[in-house]
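The values are calculated or read from the model by the stated rules, or taken from the named source; none is laboratory data. None of the values given here were measured: they were computed from a predicted structure. As a convention, Cβ positions derive from the backbone with ideal geometry for all residues, glycine included, and neighbour counts pool all protein chains shown.
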């Protein structure tokens, strides 16, 4: 894409070229006309750049890897697929762990209550109170602390 916006302080006939393909085409046109000095060609080519972002190399680079080491492109793709599966597994575990912790805490609390009931029925009241009291105080403290302290943003 060639834009005809004049550069400030430059000749109004100069073009601003933002597309690399159009810049190369303009470069060849000026070179064929004989109006482009040799140093300008080097300067213009040095100013061209290309950016690419993503988890994989640019397709052109991937092809070059495969030309140097046959099968390298497939290995790179397999590595990216494996990494994505690993990342998804970690995210699933990160979501599941709080629920597993709550479940384990609830089962432990039920075990303490069951043990306290058993000990209370067998005339071991002080141990039964301790068995149900300590987890109860911990659970109450956890709820109170959750109300007082604001949750940390992720």
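One line per residue, one yes/no per condition, for (1) modelled with pLDDT under 80; (2) surrounded by 10 or more Cβ atoms within 10 Å (Cβ to Cβ); (3) assigned to a helix (DSSP H, G or I):
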| residue | (1), (2), (3) |
| --- | --- |
| 22 | yes, yes, yes |
| 29 | yes, yes, yes |
| 57 | no, yes, no |
| 62 | no, yes, yes |
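Would you pick out the residues in segment 64-76 that are under 26 Å from residue 87 (Cβ atoms) and in a helix (DSSP H, G or I)? Selection gives 65, 66, 72, 73, 74, 75, 76.
Report the residue count in segment 137-154 for those that are out of contact with any helix residue (DSSP H, G or I) (no Cβ under 8 Å at 6 or more places or on another chain) and part of a helix (DSSP H, G or I).
Within segment 137-154, residues that are out of contact with any helix residue (DSSP H, G or I) (no Cβ under 8 Å at 6 or more places or on another chain) and part of a helix (DSSP H, G or I) number 11.
Sort through 93, 103, 131 and tell me the only one that's modelled with pLDDT under 95, surrounded by 14 or more Cβ atoms within 10 Å (Cβ to Cβ) and either in a helix (DSSP H, G or I) or touching a strand residue (DSSP E or B) at 6+ places or on another chain (Cβ under 6 Å) (or both). The conditions single out 131.
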